Every structure is written in structure tokens, then in C-alpha cells.
Amino acid sequence: MNTWGPPDTSECSPFYRGYIERMGSTDVLAALEHVGKLTEELLQRIPPHMAGHRYAEGKWTISEVFQHLVDCERIMQYRALRFARNDATELPGFEENDYALEADTSHRTLREIADELAVVRRSTELLFRSFPDKVALRQGVANGNPVTVRALGWIIAGHTMHHLHILQQRYLSHEPS
């Protein structure tokens with residue numbers, strides 16, 4: 001089992017530093033488990049009728065935010081797997097807004113999306129737990145930027161934390177009546 005601390009600034013694009021810094025100084029597996037618990041706690045507080053709530057015109061619904069977390073985690077997990085297996089193929093980026101549009105969460109309940117996210121998170125935890133320490137600093141290029149396997153684990157956790165904060169501050173503090 002690895003206990004990979006936070007990556008240094010050379011391990012990923014500056015864009016991701018804020019996500020990583022949100023997590024404090026613990027190991028990546030603890031960070032993934034912690035944010036998974038926080039996610040479920042927040043989901044328990046969201047009434048089903050709020051799934052389609054947007055805090056402003058043109059913003060994602062609560063369901064779309066959680067689907068975004070599912071999609072991004074799968075993509076980052078895939079990147080980590082490729083780079084951990086020493087695959088040097090450069091990986092493309094993705095357009096999150098196109099993914100949100102095409103996901104069409106209107107036919108799913110928030111609980112269904114939450115269950116999917118929990119399964120994806122468990123898969124992420126098992127994947128990172130399976131990695132030997134020697135792959136932590138393996139690097140690949142995704143979306144034109146170098147990134148290490150270790151950094152991808154921290155990015156996954158920090159990205160989720162970022163969106164949990166947005167949900168609490170912008171969506172749930174302005175509940176519709």
C-alpha cells in the first residue's frame with residue numbers, strides 16, 4: 001500500500017494546484033476516502049426535488065455537477081492507469097461542458113448518479129491502492145501538460161472537494177422555496 005503525499009509543483013499544470021492544495025497534507029488514499037465520505041454526507045442533505053436546481057441561469061444543475069464529477073473522475077482514473085502502466089501515448093483533453101450537455105441527467109435521479117459516483121470512487125481507491133510506489137512519479141502528457149500518476153490521484157480528490165464547496169456555497173445556500 002502506498003502513502004503518497006501531495007505532489008510538488010513540477011508534477012502537474014499550475015491549473016491543478018488549487019485542487020491539490022484544498023486537500024491538506026495527508027496521503028492520497030486518505031484524501032480519496034475522506035472526500036468520498038464528504039460527498040456522501042452532502043448528498044444525504046440534498047432533497048431529491050433539488051436535483052434540477054441551478055443557482056443561476058446557464059449554470060449546471062446539481063445533478064449535472066455530480067455527473068461531471070463522475071465523468072472527470074473516470075477520465076483522470078484512465079489517465080493514471082495509462083501512465084502507471086508506462087504508456088507514453090499523449091492523451092487528449094476533453095470539453096467538460098460538452099460532456100455535461102450530452103450526459104442528459106434529466107432521466108436519472110440524483111441518487112442514481114450518486115450511486116454511480118460512489119462506485120467510480122471505490123474503483124479509484126482500489127486502483128491507486130494497487131499501484132506500487134515506483135509508479136508514483138511516472139509521468140505522461142494529458143491535454144498538452146505533463147502530469148504524474150501521484151498528481152492525478154490528488155487532482156481527483158481536490159476536484160471533488162472544489163465542487164463540494166461550490167455546491168454548498170452557491171447551490172445549497174440559495175435553496176429555492
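The values are calculated or read from the model by the stated rules, or taken from the named source; none is laboratory data. This structure is a prediction, so every number in the text was calculated from the model and none was measured. So basically every Cβ, Gly included, is an ideal-geometry build from the backbone, and we count neighbours across all protein chains shown.
Checking VAL147 against (1) within 16 Å of the chain's Cα centre (by Cα); (2) part of a helix (DSSP H, G or I); (3) within 28 Å of SER25 (Cα to Cα), which test does it fail?
(2)
Residue-wise test of (1) at pLDDT below 95; (2) hydroxyl-bearing (Ser, Thr, Tyr); (3) under 17 Å from the mean Cα position of the chain (by Cα); (4) within 20 Å of ALA114 (Cβ to Cβ).
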| residue | (1), (2), (3), (4) |
| --- | --- |
| VAL135 | no, no, no, no |
| ARG138 | no, no, no, no |
| LEU152 | no, no, yes, no |
| ILE155 | no, no, yes, no |
| ARG170 | no, no, no, yes |
| HIS174 | yes, no, no, no |
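Are any of the residues in segment 85-108 among the small types (Gly, Ala, Ser) and within 30 Å of LEU137 (Cβ to Cβ)?
yes
Go through (1) touching a strand residue (DSSP E or B) at 6+ places or on another chain (Cβ under 7 Å); (2) surrounded by 16 or more Cβ atoms within 10 Å (Cβ to Cβ) and name the single condition TRP60 misses.
Going through the list (1) touching a strand residue (DSSP E or B) at 6+ places or on another chain (Cβ under 7 Å); (2) surrounded by 16 or more Cβ atoms within 10 Å (Cβ to Cβ), TRP60 breaks only (1).
Taking interchain pairs and intrachain pairs at least six residues apart, which have beta carbon atoms under 7 angstrom, with the first residue in segment 82-111 and touching a residue at least 40 places away in the same chain (Cβ under 8 Å) and the second aromatic (Phe, Trp, Tyr)?
Every condition considered, the pairs that remain are ALA84/PHE131; ALA100/TRP60; LEU110/PHE66.
When segment 128-148 is examined, which residues are found to be under 17 Å from GLU73 (Cβ atoms) and buried (at least 19 other Cβ atoms within 10 Å of the Cβ)?
PHE128, PHE131, ALA142, VAL147
Considering only residues that are acidic (Asp, Glu) and either within 19 Å of TRP154 (Cβ to Cβ) or surrounded by 14 or more Cβ atoms within 10 Å (Cβ to Cβ) (or both), which ones fall in segment 71-95?
ASP71, GLU73
Looking only at segment 149-177, filter to residues that are among the polar types (S, T, N, Q) and within 18 Å of ARG22 (Cα to Cα); which one of those is surrounded by the most Cβ atoms within 10 Å (Cβ to Cβ)?
Checked segment 149-177; the qualifying residue surrounded by the most Cβ atoms within 10 Å (Cβ to Cβ) is THR160.
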